Amino acid sequence: MHILGIETSCDETGVAIYHTQKGLLAHRLYSQIRTHAEYGGVVPELASRDHIKKLVPLIRQVIADANISKRQIDGVAYTAGPGLVGALLVGAAVARSLAWTLGVPSIGVHHMEGHLLAPLMEPDPPRFPFVALLVSGGHTQLIEVEGIGHYRILGESLDDAAGEAFDKTAKMLDLGYPGGPAIAELAEEGDVQRFEFPRPMTDRPGLDFSFSGLKTHTLLTFASTAKTRQDKADIAKAFQEAVVDTLVIKCRRALKKTRLTRLVVAGGVSANRSMRDKLRRMAREESFQVYFPRLEFCGDNGAMIAFAGCQRLLAGQTEPPEISAFPRWPLSTLAPITLEQDS
Ligand code: ATP
Ligand code: MG
Ligand code: FE
């Protein structure tokens, strides 16, 4: 079965074709970073318009890359939320029209379920149950995952998401947008000894996060320096390590609390090298196993939507006839499905 996946929840147009037996056949991503960079963040109306321009040509290219004809598509998966409503509606309208024309089912996928399941496309995928850490531009969540759609939120950010904190800190340091990769890159030149930033909410029990205080701390520290490149690098390093250590501490705590031994990390921030290194080290020390998506599937992409949609279509899930998009959509409300796993 060939599933076409379409992602348009924010500022990336992602398209992919996933085959139930052969795996991922083709995927392409068009990033709108340059469109939004001059505004220092995503402008929703520009995002929708750009998806309108790029989506159909991208679908054509991916079908050609996969070396199939559109008549071989057996289902269309698209991101139905959460995200920017205009951007979501572009993907939903195109996906559902295409599915209707081809006479195949369509399925609206939860963007965060897409992220969460992305590591399952890798060789040697994790088996259920596991703890998932979703760290992206809009979410920081620890989730107990018993299976697809069986999600129990163990903890989440009470204010900024980790990626959002990276983006806002980068803006403060004048490093541009998106901030995560810029901070990570500059942090390479930073002296870890110079500043010690707090690890928020790690000194009390619980699995929630808070990153907005760290942002203020960064602002005050920056104001106290001469704002040279080295100052920025040292602050980028201190900030990154504070976020990473906080995430590592809470992951360890979540694994101990649930008595689970597998940790799955996904979302844009899971591309952060320091975080990958520190989580791998923690996992080694505690005899846990940790799983990440390949780097290109950490951020938004069509492959994760094709894969997640494929699982739900295989489980026989259908959707109502009207087109809908859900800007807000709690992950915990998704329908559970059972997936056959080879063990
Ligand atoms: P959500 O998935 O919550 O709806 P989103 O789709 O905007 O939000 P993603 O595309 O998954 O988020 O991830 C983008 C985020 O990841 C941005 O905040 C970006 O700064 C961050 N990011 C990307 N690479 C890195 C990195 N190497 N280190 C830290 N953060 C990173
Ligand atoms: Mg993005
Ligand atoms: Fe995302």
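Hey, can you tell me all the residues within region 98-146 that are within 15 Å of Glu7 (Cβ to Cβ) and either in a loop (DSSP other than H, G, I, E, B) or without any contact (Cβ under 8 Å) to a residue 12 or more places away in the chain (or both)?
Result: Ser136, Gly137, Gly138.
If only one of Glu164, Glu144, Glu122 is more than 10 Å from ligand 1 (Cβ to nearest atom) and buried (at least 17 other Cβ atoms within 10 Å of the Cβ), which one is it?
So the residue among Glu164, Glu144, Glu122 that is more than 10 Å from ligand 1 (Cβ to nearest atom) and buried (at least 17 other Cβ atoms within 10 Å of the Cβ) is Glu144.
Of the residues in region 117-131, how many are within 14 Å of ligand 3 (Cβ to nearest atom) and within 21 Å of Ser210 (Cα to Cα)?
So the count comes out to 0.
Just to be sure I understand the filter: pairs with C-beta atoms under 8 Å, separated by 6 or more residues or on different chains, first member in region 180-207 and under 22 Å from Arg273 (Cβ atoms), second member part of a loop (DSSP other than H, G, I, E, B) and within 16 Å of ligand 2 (Cβ to nearest atom). Which pairs pass?
Gly180/Asn272; Ala182/Gly176; Ala184/Asn272
Could you list all residues from region 152-195 that are within 16 Å of ligand 3 (Cβ to nearest atom) and touching a Ser or Thr at 6+ places or on another chain (Cβ under 9 Å)?
Result: Glu156, Ser157, Asp160, Ala161, Ala162, Gly163, Glu164, Ala165, Gly179.
Can you name every residue in region 320-338 that is under 23 Å from Thr8 (Cβ atoms) and among the β-branched types (Val, Ile, Thr)?
Hits for region 320-338 are Ile323, Thr333.
Name the residues in region 1-56 that are aromatic (Phe, Trp, Tyr) and either more than 19 Å from the chain's Cα centre (by Cα) or within 16 Å of ligand 3 (Cβ to nearest atom) (or both), would you?
Result: Tyr30, Tyr39.
Residue check, Ala80 against (1) assigned to a loop (DSSP other than H, G, I, E, B); (2) away from ligand 2 (no atom under 16 Å from the Cβ), all met but one. Which one?
Failing condition for Ala80: (1).
Of all residues in region 202-242, which are surrounded by 15 or more Cβ atoms within 10 Å (Cβ to Cβ), farther than 13 Å from Ala170 by Cβ and aliphatic (A, V, I, L, M)?
Answer for region 202-242, where residues must be surrounded by 15 or more Cβ atoms within 10 Å (Cβ to Cβ), farther than 13 Å from Ala170 by Cβ and aliphatic (A, V, I, L, M): Leu207, Leu214, Ala238, Ala242.
Residue by residue through region 137-150, note down the ones that are within 16 Å of ligand 3 (Cβ to nearest atom) and either under 15 Å from Ser210 (Cβ atoms) or touching a strand residue (DSSP E or B) at 6+ places or on another chain (Cβ under 8 Å) (or both).
His139, Thr140, Gln141, Ile143
Within region 147-180, how many residues turn out to be assigned to a strand (DSSP E or B) and either within 15 Å of ligand 2 (Cβ to nearest atom) or of a type outside the set (Lys, Arg) (or both)?
Looking only at region 147-180, we keep the residues that are assigned to a strand (DSSP E or B), and these are 147, 150-157.
The next check asks that each one be either within 15 Å of ligand 2 (Cβ to nearest atom) or of a type outside the set (Lys, Arg) (or both); those that pass are 147, 150-151, 153-157.
Counting residues in region 147-180 that are assigned to a strand (DSSP E or B) and either within 15 Å of ligand 2 (Cβ to nearest atom) or of a type outside the set (Lys, Arg) (or both) gives 8.
Just need a number here: residues in region 20-32 that are within 14 Å of ligand 2 (Cβ to nearest atom) and either part of a strand (DSSP E or B) or at pLDDT below 95 (or both).
Selection size over region 20-32: 3.
Suppose the filter is within 16 Å of ligand 2 (Cβ to nearest atom) and free of Cβ contacts under 8 Å to residues at least 60 places away in the same chain; does Ala37 pass it?
Here the answer is no, as Ala37 does not meet what is asked.
This table checks each residue for (1) in contact with a Leu (Cβ under 9 Å, 6 or more places away or on another chain); (2) of a type outside the set (D, E, K, R); (3) closer than 23 Å to Arg252 by Cβ; (4) at pLDDT 95 or above.
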| residue | (1), (2), (3), (4) |
| --- | --- |
| Thr79 | yes, yes, no, yes |
| Ala95 | yes, yes, no, yes |
| Glu122 | no, no, yes, yes |
| Phe128 | yes, yes, yes, yes |
| Tyr151 | yes, yes, yes, yes |
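Given Gly91, Gly114, which one is on the phi < 0 side of the Ramachandran plot and out of contact with any Ser or Thr (no Cβ under 6 Å at 6 or more places or on another chain)?
Testing whether each residue is on the phi < 0 side of the Ramachandran plot and out of contact with any Ser or Thr (no Cβ under 6 Å at 6 or more places or on another chain) leaves just Gly114.
Among (1) in contact with a strand residue (DSSP E or B) (Cβ under 8 Å, 6 or more places away or on another chain); (2) in a helix (DSSP H, G or I); (3) touching a residue at least 24 places away in the same chain (Cβ under 8 Å); (4) more than 16 Å from Met112 (Cα to Cα), there is one condition Ser332 misses while meeting the rest; what is its number?
The one condition Ser332 does not meet is (4).
What number of residues within region 206-242 satisfy the criterion of being in a helix (DSSP H, G or I) and either at pLDDT 95 or above or among the small types (Gly, Ala, Ser) (or both)?
24
Does region 247-260 contain at least one residue that is within 15 Å of ligand 1 (Cβ to nearest atom) and surrounded by 15 or more Cβ atoms within 10 Å (Cβ to Cβ)?
Within region 247-260, one or more residues are within 15 Å of ligand 1 (Cβ to nearest atom) and surrounded by 15 or more Cβ atoms within 10 Å (Cβ to Cβ).
Could you identify the single residue in Ile3, Ile63, Ile17, Ile68 that is in a helix (DSSP H, G or I) and touching a strand residue (DSSP E or B) at 6+ places or on another chain (Cβ under 9 Å)? Quick ask: steps written out before the conclusion?
Details: Ile3 fails: in a helix (DSSP H, G or I); Ile17 fails: in a helix (DSSP H, G or I); Ile68 fails: in a helix (DSSP H, G or I).
Checking each option against the conditions leaves just Ile63.
The values are calculated or read from the model by the stated rules, or taken from the named source; none is laboratory data. Computed from a prediction, not measured in an experiment: that's the story for all the values here. Positions of Cβ are generated from backbone atoms using ideal geometry, with glycine treated the same way; all protein chains shown enter the neighbour counts.
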